[in-house]
Amino acid sequence: MVAGSIETHDRIAMALADATGCRLISVDYRLAPEHKFPAAIEDAIAATEFILRNAASLGIDAERLVVGGDSAGGTLAAVVCQQAQSGAGTAIAAQCLICPVLDFEQISPSRDAFADDHLIGRATLEADLADYLPEGTDAADVRISPLRALNVKGLPTAIIHTAEFDPMRDEGNAYARKLLAAGVNVEHVCHDGMIHNFHAMGAVLPQARLVLSQIGEQVRRTVSAR
């Protein structure tokens with residue numbers, strides 16, 4: 001929620017557009033500390049609603065909208081889907097969460113085990129959260145920690161990719177289990193030997209290219225079933 005832009009994610013966006021065969025819209029949401037919570041959430045929801053209202057002019061099938069993101073973008077995608085479910089019933093076909101950040105309320109075993117020397121560490125996460133949240137904000141708020149949502153029934157099909165050595169592994173895995181238990185269709189893969197956001201490291205990791213191809217196949221299959 002404090003870094004990243006359309007430019008930093010352009011190559012990933014192009015790769016996903018190619019792999020899925022879908023039109024992809026990358027959203028430049030507001031960042032902290034200049035724009036604290038819930039600015040990013042508001043932008044993500046507004047962008048989703050804008051896309052649905054203008055689907056025809058954007059060349060998009062409104063019945064086959066997939067909301068996705070990696071890391072903090074995974075947080076936003078999960079929250080958008082939860083808010084749509086509890087609100088006006090915005091039609092979302094699927095959610096694609098890649099190494100998502102889903103729980104700041106509880107320190108999971110993976111956050112503890114991989115707190116240092118695994119690309120993103122505890123100190124960075126704590127500093128980012130301090131920049132993102134206004135003083136006194138409850139980290140258990142489901143717009144911050146969507147894993148804490150009590151009702152996840154009826155959420156869109158979920159495509160979730162986690163990594164073995166990612167501090168956020170356990171919360172992503174737990175969300176997949178929670179959705180499954182609620183009757184949501186879930187395709188979940190935890191990738192052995194990988195670290196946070198490994199999918200963005202295609203220049204050095206063959207697994208990155210493979211997972212983007214896998215996501216492409218999963219998205220194509222999901223939207224073609226609608």
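What to note about this one:
- Whether a residue is closer than 14 Å to V219 by Cβ, of a type outside the set (S, T, Y) and assigned to a loop (DSSP other than H, G, I, E, B) was assessed, and R30 does not pass this test.
- Any hit, the range 63-86, residues being basic (K, R) and either in a loop (DSSP other than H, G, I, E, B) or over 29 Å from S224 (Cβ atoms) (or both): no
- Single condition P33 does not satisfy, out of (1) over 24 Å from D131 (Cβ atoms); (2) more than 17 Å from the chain's Cα centre (by Cα): (1)
- Selection within the range 107-149 - more than 24 Å from A182 (Cα to Cα), free of Cβ contacts under 8 Å to residues at least 40 places away in the same chain and under 18 Å from the mean Cα position of the chain (by Cα): L129
- Enumerated helices (runs of 4 or more DSSP H) restricted to the range 103-205, each holding at least 1 residues that are within 21 Å of L31 (Cβ to Cβ): 122-132
- Residue within the range 101-120 that is surrounded by 16 or more Cβ atoms within 10 Å (Cβ to Cβ), charged (D, E, K, R), at pLDDT 95 or above and on the phi < 0 side of the Ramachandran plot present: yes
The values are calculated or read from the model by the stated rules, or taken from the named source; none is laboratory data. Note that the structure is predicted; figures quoted are calculated from it, not measured. Ideal geometry is used to build each Cβ from the backbone, glycine not excepted, and the neighbour counts take in all protein chains shown.
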